[in-house]
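The values are calculated or read from the model by the stated rules, or taken from the named source; none is laboratory data. Everything numeric here is computed off the predicted structure, so don't read it as measured data. Here the Cβ positions follow ideal geometry from the backbone for every residue, glycine too, while neighbour counts run over all protein chains shown.
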Amino acid sequence: MLQSFGKYLLFMQSLFTRKESAKILFGRTVDEAILIGINSIFIVAIVSTFIGAVTCVQVAYNLNNAFIPRSTIGFMVREMTILELAPTITSIVLAGKVGSSIAGGLGTMQITEQVDALEVMGINSASYLVLPKVVAAILVFPMLVILAMFLSILGGYLAGTLSGELTPQEYITGIRDQFIPYNITFALIKSVVFAFLISSISSFRGYYTSGGALEVGAASTAAVTNSVIAILIGDFVLAYILL
Amino acid sequence: MIEIHNIHKAFDGKKVLDGVSGVFETGKTNLLLGASGTGKSVLLKCIVGLIKPDLGSVTFDGTYFTNNKLDIRQEIRRKIGMLFQGSALFDSMTVEQNVEFPLKMLTDMNKEERMDRVNFCLKRVGLEGANKKMPSEISGGMKKRVGIARAIAPHCTYLFCDEPNSGLDPQTAMKIDELIKEITEEYNITTIIVTHDMNSVIEIGDKIMFLYEGKKLWEGTRDEIMDTDIHELNEFIFANRLMRDAKKVEDEEREEEEERRHNGQVASQGKEKAPSEETVETRDEPQPENPDGPAATTQSGNDKV
Ligand SMILES: Nc1ncnc2c1ncn2[C@@H]1O[C@H](COP(=O)(O)OP(=O)(O)O)[C@@H](O)[C@H]1O
Ligand SMILES: [Mg+2]
């Protein structure tokens, strides 16, 4: 465990030695960013819309007190999704989607000697392959999280109004109530940290694959489980420090 | 000329290379011969610097490589082309992009110059027109050709091939071997080929080094190899011949079978046979009937050792 953590730190360091030219890395980063974005936008959209909807319905179910205004439902949906559900659940979903694809891709490149082929050409394969993935994830995740926030609030709106739990006016009043802009900043900080954790841990797992197809599968699984644990620990630590 | 001196390598205390020394000459196809698991790939990787030897040194045309300064190592690496056992094509890129890749990374050619070179190299290996194909869409033999094109694209001075004919049917294997030999002589490069196939030895082995359990047991030319008195080498040759004979019998049987079937079809359709050139070329295509037969299975099986 500790040994793997040390190896992970050395791996991170190797990303910044013998770098390729900025032009090449920039091109690679754009490619990776497009790939991450396109591959995950659909699942993020679906998950966040439903999370918003479910949150709204459950809050409404729990708020049966006549003294509490119905707009509180909108308020609760906003608080829960922006602060926690949008960044964290989105990241956990992305750990499954992006993390496994990073680890699987790098693992396959390793066992089919594509990584060796890069090294023979004198290219720092870790830096060439991994650095753009990490940077791309850091750029794209916050965008996906912003989308997730928007859609989860929209999901809540649809669920709340269509089921007749509250009127559109009440929902909108609720989501505007006592709005703290810092919460958005906090959520974006979380998304950047989670992006780094997912992309670097998954790259690490994939890059150090050896053996065959079976090991590539194992690396993918390890990438997802390790990333999810890292996200949850990171979530706690960030909440503790920044709130 | 590449010189290796006293290369030692062990993995987790298990000795894989045990003091291998030798010289690989320019303009010749130098063969590293040996059964599977004798450390041929490890030796090749030590030479190109993918694995660091525990002891020993490698010199490229007089320049010390192992443990030298990074920029000198990089300078030499830029002159190295390598064909990997599984071709190791970048599977997210087209054939053309694969061959262009080292040019993009290692030279300052512009796009037009790069494409000229790519097309030249693809033509040289007999793959003109395959530019836009993905690696997953082409056969094993074609992959090897793309691998060779990618290796020679940046005008390499040293060419390394790890089992260039593994997993190929005999005809395609022979063509790949010949291509490597031609390229070696045409551009006067230093080529090292790892193989466990006596066919390659007989066809293209200018200079052969026989490895056995991590040691160099014999060295010589293909004319000398048949009358050596090294027991292990004789045993290796004998085993290889047995396998080849077995394969030949099987091939002949299959050919007869095919001929019979083919004749039946020709009789019913009344069409003439395809020209021989065509027949050989289509050998490169993946074939549903698995023409590699038992050889391919034993090869890949042994490689796991
Ligand atoms: N990276 C590695 N780690 C541990 N053992 C290895 C490694 N690479 C090769 N070996 C071992 O070294 C031996 C020789 O392997 P190799 O050079 O691939 O054989 P071959 O002659 O078939 O190419 C094998 O027993 C293999 O298990
Ligand atoms: Mg090998």
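Can you name the residue in the range B:21-58 that is more than 14 Å from B:ILE192 (Cα to Cα) and not small (Gly, Ala, Ser) and is also nearest to ligand 2 (Cβ to nearest atom) among such residues?
B:THR38
This table checks each residue for (1) modelled with pLDDT of 95 or more; (2) over 22 Å from B:TYR212 (Cβ atoms); (3) part of a loop (DSSP other than H, G, I, E, B).
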position: B:HIS8; (1), (2), (3): yes, no, no
position: B:GLY19; (1), (2), (3): no, no, no
position: B:ASN30; (1), (2), (3): yes, no, no
position: B:GLY37; (1), (2), (3): no, no, yes
position: B:SER41; (1), (2), (3): no, no, no
position: B:ILE51; (1), (2), (3): no, no, yes
position: B:THR66; (1), (2), (3): no, yes, yes
position: B:ILE72; (1), (2), (3): no, yes, no
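So which residues in the range A:65-97 are among the hydroxyl-bearing types (Ser, Thr, Tyr) and closer than 20 Å to A:ILE180 by Cα? Full working, then the answer.
Pass one, the range A:65-97, residues among the hydroxyl-bearing types (Ser, Thr, Tyr): A:71-72, A:81, A:88, A:90-91.
A:SER71, A:THR72, A:THR81, A:THR88, listed by residue number.
Taking the options B:SER21, B:SER57, B:SER36, name whichever one is away from chain A (no Cβ under 14 Å), over 30 Å from B:ARG117 (Cβ atoms), in contact (Cβ under 8 Å) with a residue 40 or more places away in the chain and touching a helix residue (DSSP H, G or I) at 6+ places or on another chain (Cβ under 7 Å). So that I can check it myself, show each step before the final result.
On the way: B:SER21 fails: touching a helix residue (DSSP H, G or I) at 6+ places or on another chain (Cβ under 7 Å); B:SER57 fails: touching a helix residue (DSSP H, G or I) at 6+ places or on another chain (Cβ under 7 Å).
When all the criteria are applied, what remains is B:SER36.
For the list (1) at pLDDT below 95; (2) within 21 Å of B:THR38 (Cβ to Cβ); (3) buried (at least 18 other Cβ atoms within 10 Å of the Cβ), I need the number of the one condition that B:ARG124 fails.
B:ARG124 satisfies every listed condition except (2).
Being away from chain A (no Cβ under 11 Å) and touching a helix residue (DSSP H, G or I) at 6+ places or on another chain (Cβ under 7 Å) narrows it down to one residue among B:PHE65, B:PHE84; which is it?
Details: B:PHE84 fails: away from chain A (no Cβ under 11 Å).
None of the others qualify; the one that does is B:PHE65.
Which one of these is out of contact with any Phe, Trp or Tyr (no Cβ under 7 Å at 6 or more places or on another chain), within 16 Å of ligand 1 (Cβ to nearest atom) and within 14 Å of chain A (Cβ to nearest Cβ): B:ILE4, B:ILE51? Before the answer, list the steps.
On the way: B:ILE4 fails: within 14 Å of chain A (Cβ to nearest Cβ).
Only one candidate qualifies: B:ILE51.
Among the residues of the range A:129-138, is there at least one that is more than 14 Å from chain B (Cβ to nearest Cβ), more than 15 Å from the chain's Cα centre (by Cα), modelled with pLDDT of 95 or more and buried (at least 20 other Cβ atoms within 10 Å of the Cβ)? Walk me through it before giving the result.
To start, the set of residues in the range A:129-138 that are more than 14 Å from chain B (Cβ to nearest Cβ) comprises A:130-131, A:134-138.
Now drop any that are not more than 15 Å from the chain's Cα centre (by Cα), which leaves A:130-131.
Restricting the remaining residues to those that are modelled with pLDDT of 95 or more gives A:130-131.
Those still in the list that are buried (at least 20 other Cβ atoms within 10 Å of the Cβ) too: A:130-131.
Within the range A:129-138 (the criterion being more than 14 Å from chain B (Cβ to nearest Cβ), more than 15 Å from the chain's Cα centre (by Cα), modelled with pLDDT of 95 or more and buried (at least 20 other Cβ atoms within 10 Å of the Cβ)), the answer is yes, since at least one residue qualifies.
Where in the range A:85-155 are there helices (runs of 4 or more DSSP H), lying wholly inside it, with at least 1 residues that are of a type in the set (D, E, K, R) and touching a helix residue (DSSP H, G or I) at 6+ places or on another chain (Cβ under 7 Å)? Full working, then the answer.
Working: elements: A:90-94, A:100-111, A:114-120.
Per the criteria, A:114-120.
Could you tell me whether the range B:73-92 includes any residue that is within 16 Å of ligand 2 (Cβ to nearest atom) and surrounded by fewer than 22 Cβ atoms within 10 Å (Cβ to Cβ)? Lay out the reasoning, then the answer.
Let us first name the residues in the range B:73-92 that are within 16 Å of ligand 2 (Cβ to nearest atom), namely B:82-88.
Then drop every residue that is not surrounded by fewer than 22 Cβ atoms within 10 Å (Cβ to Cβ), which leaves B:85-86.
Yes - at least one qualifying residue is present in the range B:73-92.
Name every residue in the range B:8-32 that is within 10 Å of ligand 1 (Cβ to nearest atom) and on the phi < 0 side of the Ramachandran plot, in order of residue number. Walk me through how you get there before you give the answer.
Of the residues in the range B:8-32, the ones within 10 Å of ligand 1 (Cβ to nearest atom) are B:9-12, B:14-17, B:32.
The answer is B:LYS9, B:ALA10, B:PHE11, B:LYS14, B:LYS15, B:VAL16, B:LEU17, B:LEU32.
What do you reckon, is B:LYS69 in the same structural domain as B:ASP162 (by TED's automatic domain parsing), free of Cβ contacts under 8 Å to residues at least 12 places away in the same chain, within 16 Å of ligand 2 (Cβ to nearest atom) and among the charged types (D, E, K, R)? Show your work before the answer.
Working: in the same structural domain as B:ASP162 (by TED's automatic domain parsing): yes; free of Cβ contacts under 8 Å to residues at least 12 places away in the same chain: yes; within 16 Å of ligand 2 (Cβ to nearest atom): no; among the charged types (D, E, K, R): yes.
Answer is no for this residue.
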